[in-house]
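Here the structure comes first, spelled out in structure tokens, and everything after it is commentary.
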Amino acid sequence: MEKTISKPKAFYHSVIDVQKIHSHLKKVGLDEKKHLQVWDLIEETIHIKILDTILAKLPEKKHQSFLEKFHKTPHDPKLLAELEKETKDLKKHIHESFVELEKEIFEDIENIAV
Amino acid sequence: MAKKLTKFEKLHRCLKKRHAHVKRDFEKKQLHAVKWLNSKNVQLPDLYNSTARLLTTGTLAGTLLLSGAVQAPIIKTPINHELALKDTLTDEEFHKKLAQDLNPYVPDSIGKIYGENQKKICDTLEKYLGFPVCFNLEGNELNYFYAWTGYEQHLYRFPGDNLAQHDAEQIAGIAPGLGAWGYFTSSKQAMTQEDYLKEKYYVAVQTLYLPEWRYDSQRLYNWYKYRKVVMINPENGTAVVAVVGDAGPANWTGKQFGGSPEVMKELGLQDGWRKGKVLLLFVNDKDNKIALGPTKALSMERLAQK
């Protein structure tokens with residue numbers, strides 16, 4: 001049975017693509033429940049990493065209003081547009097830090113076969 | 001000989017480490033943001049975090065609820081955030097310590113717990129959880145304080161609800177009938193964050209077998225409805241604040257409590273036989289300030305103060 005990714009999307013999901021990690025994880029062959037448990041952990045890790053990247057690039061005086069808005073409507077695509085006005089190349093930074101983490105997660109997944 | 005880890009255990013352990021590392025990094029670098037989140041009683045906004053705690057009563061559409069707007073009403077104790085961050089135990093360490101401290105007072109067999117052991121359990125839990133708990137509240141107590149809990153299914157929250165609308169643990173399925181107290185809310189549109197969390201973190205208790213049920217059922221029905229409790233797995237030190245959301249299970253099942261799929265997952269009882277022996281205590285929370293969901297590690301500083 002296809003293991004689905006059913007969680008709601010945050011605004012930054014338009015910049016990252018989690019499908020590669022998902023496909024990699026599927027190859028491990030965990031049962032659905034365990035697969036989802038691991039997937040939850042991966043999603044949380046990605047989420048914290050992306051938030052960290054955003055806050056690192058965003059001027060500190062803008063942190064509060066961003067967090068307030070994000071807290072209210074994490075999925076709102078306008079958030080990204082607003083952030084981009086404040087931060088040069090934000091999409092690129094989000095993408096880069098995601099790719100870096102993605103690589104580490106791939107390593108974690110591959111290491112279990114050793 | 002050491003037990004060989006399964007693929008899942010190895011991977012989970014590895015990813016958990018990575019998660020902790022990323023989180024620590026965030027807390028170290030984004031101190032201002034963390035301070036602000038703490039000042040607003042909002043936890044690091046883990047959009048997907050299963051520990052998300054919500055307790056506000058504003059009406060939200062289902063989709064917004066599922067989007068994970070997390071608010072965490074933490075007990076309002078002034079804390080030094082820098083110290084707290086630096087000295088916070090990891091969740092793993094916290095659970096381990098709690099299990100170690102509880103262990104001497106937990107009986108081998110299920111039933112009530114009396115005397116010094118009862119007091120020690122309550123004291124230990126209050127110290128670790130940071131809020132008052134008891135086995136007897138306002139003259140009410142369950143037939144079991146320590147007993148077997150089983151894995152329950154999701155409950156219908158409002159007319160027209162279905163399994164697909166539940167955002168986690170869909171594998172558990174949904175109970176064919178309503179919970180003992182009916183729907184949690186009148187409609188999807190009227191569902192508040194609090195309603196949402198009540199179903200997510202509910203337990204079932206055997207109100208029907210209470211000795212006073214025969215003559216005082218109406219009062220008991222009202223008293224137990226969404227009564228706040230904490231379920232603890234003393235084996236691993238995990239604890240979840242929940243509400244009484246259903247009655248049962250039947251005696252013939254050999255289990256005395258039930259836990260929602262999310263409660264059982266948080267307690268590490270979602271696999272295998274999907275049952276385990278747990279402690280169940282009332283949370284004394286007249287002001288409704290204690291958040292539903294898994295309990296988080298207190299800082300060393302706060303633990304030391306207790």
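The values are calculated or read from the model by the stated rules, or taken from the named source; none is laboratory data. From a predicted model like this one, the values you see are computed outputs, not experimental measurements. Positions of Cβ are backbone-derived with ideal geometry, glycine not excepted, and every protein chain shown enters the neighbour counts.
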**Flag for B:THR90 being within 28 Å of B:ASP216 (Cβ to Cβ), within 21 Å of the chain's Cα centre (by Cα), among the polar types (S, T, N, Q) and surrounded by fewer than 21 Cβ atoms within 10 Å (Cβ to Cβ)** = no
**Prompt:** Across segment A:14-33, what is the number of residues that are buried (at least 19 other Cβ atoms within 10 Å of the Cβ) and free of Cβ contacts under 8 Å to residues at least 24 places away in the same chain?
**Reply:** 1
**Request:** Go through segment A:57-69 residue by residue and tally those that are in contact (Cβ under 8 Å) with a residue 12 or more places away in the chain and either among the polar types (S, T, N, Q) or surrounded by 15 or more Cβ atoms within 10 Å (Cβ to Cβ) (or both).
**Result:** 5
**Request:** Determine the pairs where a residue that is under 12 Å from A:ILE50 (Cβ atoms), located within segment A:94-111, has a partner that is crowded, with 19+ Cβ neighbours inside 10 Å and of a type in the set (D, E, K, R) with Cβ atoms under 7 Å apart, the partner being 6 or more residues away or on another chain.
**Result:** A:SER97/A:LYS49; A:LEU101/A:LYS49
**Message:** Of everything in segment A:15-53, what is more than 10 Å from chain B (Cβ to nearest Cβ) and of a type outside the set (Ser, Thr, Tyr)? Give them in sequence order.
**Reply:** A:VAL15, A:ILE16, A:ASP17, A:VAL18, A:GLN19, A:LYS20, A:ILE21, A:HIS22, A:HIS24, A:LYS26, A:LYS27
**Prompt:** Can you tell me which residue in segment A:16-31 is modelled with the highest pLDDT, limited to those that are under 9 Å from the mean Cα position of the chain (by Cα) and farther than 30 Å from B:ARG274 by Cβ?
**Reply:** A:ILE16
**Item:** A:LYS34 being within 25 Å of B:VAL34 (Cα to Cα) and either of a type in the set (A, V, I, L, M, F, W, C) or modelled with pLDDT under 90 (or both)
**Value:** no
**Item:** Leading residue by the ranking (farthest from the other protein chains (Cβ to nearest Cβ)) among those in segment B:139-178 that are among the aromatic types (Phe, Trp, Tyr) and in contact (Cβ under 8 Å) with a residue 40 or more places away in the chain
**Value:** B:PHE145
